[in-house]
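Peer 1: Let me begin by handing over the structure; questions about it come next.
Rule-based calculations on the coordinates, nothing more; no lab input. A quick note: this is a predicted structure, and the numbers were derived from the prediction, not measured. Positions of Cβ are backbone-derived with ideal geometry, glycine not excepted, and every protein chain shown enters the neighbour counts.
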Amino acid sequence: MKRQFEQWLLEVWYGQRWLAKYLLLPLTALYCLLNALNRWQQQRQQIRHLVPVIVVGNLTAGGTGKTPLVIWLVELLRQAG
């Protein structure tokens, strides 16, 4: 079942099933609208921190060198006071 869905999704994605792609367009529009509303709401409710916050990361989970970067950054900030 999972394999069949994967195959169907690949066919839709790469254009072999154009009818399904057009039938999914309303869901795409709904997703975009909900995402925009969510982002707007989040911007209105931003949390104000009392101290500076630095975020190190991205979509990649591991093996990109975040930990060594954070260690270097902490040492740099300690030296700066």
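Peer 1: Based solely on its DSSP helices, what 222 nm [θ] is calculated for the chain when runs of n ≥ 4 H residues each add -39,500 (n - 2.57) and the sum is averaged over all residues, nearest 500 deg cm²/dmol?
Peer 2: -21000 deg cm²/dmol
Peer 1: Do any trypsin sites (Lys or Arg not before Pro) in the stretch 8-52 lie in a loop, going by DSSP, with at most 16 other beta-carbon atoms within 10 Å of their beta carbon, and if so which?
Peer 2: Arg17, Arg48
Peer 1: Still on this structure, please answer the following. Tell me which chymotrypsin sites (Phe, Trp or Tyr not before Pro) from the chain have a DSSP coil assignment and no more than 16 other beta carbons within 10 Å of their own.
Peer 2: Tyr14
Peer 1: Which value, in Å³ per residue, describes the convex hull spanned by the Cα atoms of the chain?
Peer 2: 170
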